[in-house]
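**Q** Sharing a structure below in structure tokens format, with a few things to ask.
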Amino acid sequence: MVNRLLVHAEGHTEESFVNNVLRPHLVEKHGFHSVSARLLGKSRQRTQRGGIRSWPLVRKDIIRCLNEDPDSIITTMVDYYGLPQDGEKSWPRRKEASSLPFPQNARLVQEAMGSSVRGNMGGGFDPRRFVPYVMMHEFEALLFSDCPSFAEAIGKPDLAKSFEKIRKAFPTPEEINNSPEQAPSKRISALFKEYQKPLFGTKAVQEIGLGKICDECSHFAAWLDQLIAL
């Protein structure tokens with residue numbers, strides 16, 4: 001199997017992370033042939049912002065990519081908190097997962113996504129080719145893995161203590177959220193109004209390093225380990 005990885009990402013911040021951080025890590029250090037991002041739904045329209053699409057539409061897109069490139073590996077990078085959980089747009093087992101603690105909730109949805117895709121690909125499908133990953137909240141949560149480095153990367157070293165205060169209120173960076181108004185990116189913007197998600201997010205990850213993020217964020221680390229194992 002040629003290790004050509006396509007990441008179905010929710011937004012431009014994740015796209016930038018894939019192209020500027022994940023790609024060199026997996027290609028240069030772990031033997032992947034290529035790594036690229038594909039934006040989901042309205043995010044493909046650069047002038048618009050919009051939530052994640054329904055699972056049936058996303059699954060259709062994933063299956064089409066798997067069939068069109070039989071040597072590829074597909075993964076996802078989507079925000080658990082924003083996934084539809086009611087009606088025909090619902091993502092598999094999302095509503096049931098809401099009653100579970102972290103990281104069981106995200107893992108339940110991932111397992112259900114995998115089953116859904118495998119069931120539609122047929123018996124000859126190699127299940128290693130689809131690696132579902134659901135971020136607990138926003139990408140920005142990962143940046144709280146190293147608050148001094150994060151603050152330094154965005155040119156605001158004086159914000160390190162404020163970022164640390166947010167981080168210490170949660171067991172892990174991946175759990176930083178209480179409501180849509182308290183999402184990680186909104187917490188950052190409240191302290192630094194000039195925060196630009198794709199630009200500063202990528203710079204911060206490069207400053208922090210994937211190793212530190214994996215040390216602090218076990219769910220993210222498990223996803224990266226699974227990709228590397230391929």
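**Q** Would you mind counting up the charge near K165? Only other residues with Cβ under 14 Å from its Cβ, with Lys and Arg at +1 and Asp and Glu at -1. The partial results should precede the final answer.
**A** Numbers: positive: K161, R167, K168, R187; negative: D158, E164.
Around K165, the charge tally is +2.
**Q** Could you calculate the FRET efficiency of A169 with C65 from 1/(1 + (r/R0)^6), where r is the beta carbon distance between them and R0 is 41 Å, rounded to 0.05?
**A** On the way: r = 39 Å, r/R0 = 0.95.
Plugging the Cβ-Cβ distance into 1/(1 + (r/R0)^6) gives 0.55.
**Q** In degrees from 0 to 90, rounded to the nearest 10, what is the angle of the helix 197-208 Cα long axis to the longest principal axis of the chain?
**A** 80 degrees
**Q** Shape call for region 28-159 from the C-alpha gyration tensor, a ≥ b ≥ c root eigenvalues: rounded (a/c under 1.5), prolate (a/b greater than b/c) or oblate?
**A** Because a/c hits 1.5 or more and a/b exceeds b/c, region 28-159 counts as prolate.
**Q** What whole-number distance in Å separates the alpha-carbon centres of region 144-183 and region 201-219?
**A** 12 Å
**Q** Between D158 and N20, what FRET efficiency follows from the Cβ-Cβ distance if R0 is 22 Å, with the result rounded to 0.05?
**A** Details: r = 26 Å, r/R0 = 1.19.
Efficiency, rounded to the nearest 0.05: 0.25.
**Q** Also, I was wondering about something else. Between E96 and D126, with labels modelled 7 Å along Cα→Cβ, what's the label distance in nm to one decimal, could you check?
**A** It is 3.0 nm.
**Q** Another one. Roughly how big is region 109-166's charge dipole about its Cα centre, with Cβ charges of +1 (Lys, Arg) and -1 (Asp, Glu), in debye to the nearest 20? Please list the in-between numbers first.
**A** Details: 6 positive and 8 negative charges, 50 e Å.
Taking the Cα centre of region 109-166 as origin, the dipole is about 240 debye.
**Q** Next up: Could you derive backbone 3J(HN,Hα) for region 160-166 from the dihedral phi with the Karplus parameters 6.51, -1.76 and 1.60 (θ = phi - 60°), listing whole Hz in sequence and x where the residue is Gly or Pro?
**A** Karplus values, whole Hz, x for Gly and Pro: 4, 5, 5, 5, 4, 4, 5.
**Q** Okay, moving on. With each run of n ≥ 4 DSSP H residues scored as -39500 (n - 2.57), what mean residue ellipticity at 222 nm is computed for the chain after dividing by its residue count and rounding to the nearest 500 deg cm²/dmol?
**A** Theoretical 222 nm ellipticity from helices: -13000 deg cm²/dmol.
**Q** Report, to the nearest 10°, how far helix 104-121 tilts away from the longest principal axis of the Cα atoms in the chain, using its own Cα long axis and a range of 0 to 90°.
**A** Roughly 30 degrees between the two axes.
**Q** Which of the three applies to region 117-230, rounded, prolate or oblate, going by the alpha-carbon gyration tensor with a ≥ b ≥ c and a/c under 1.5 meaning rounded? List each step's numbers first, then the result.
**A** Details: a/c = 2.45, a/b = 2.08, b/c = 1.18.
Since a/c reaches 1.5 and a/b is larger than b/c, the shape of region 117-230 is classed as prolate.
**Q** Follow-up. With a 1.4 Å probe and every protein chain left in place, work out the accessible area per residue of region 1-131 in Å², rounded to a whole number.
**A** Values: 6380 Å² over 131 residues.
Solvent-accessible surface per residue comes out at 49 Å².
**Q** Still on this structure, I have one more. Which whole number of Å³ per residue matches the convex hull of the alpha-carbon atoms in the chain?
**A** Values: hull volume 27.3 nm³, N = 230.
Roughly 119 Å³ of hull volume per residue.
The values are calculated or read from the model by the stated rules, or taken from the named source; none is laboratory data. All values reported here derive from a predicted model rather than from experimental measurement. Note: ideal-geometry Cβ built from the backbone for every residue, glycine included; neighbour counts use all protein chains shown. Surface areas here come from the heavy atoms of the whole protein model, side chains and all, with no ligands, DNA or RNA. Shrake-Rupley method; radii C 1.70, N 1.55, O 1.52, S 1.80 Å.
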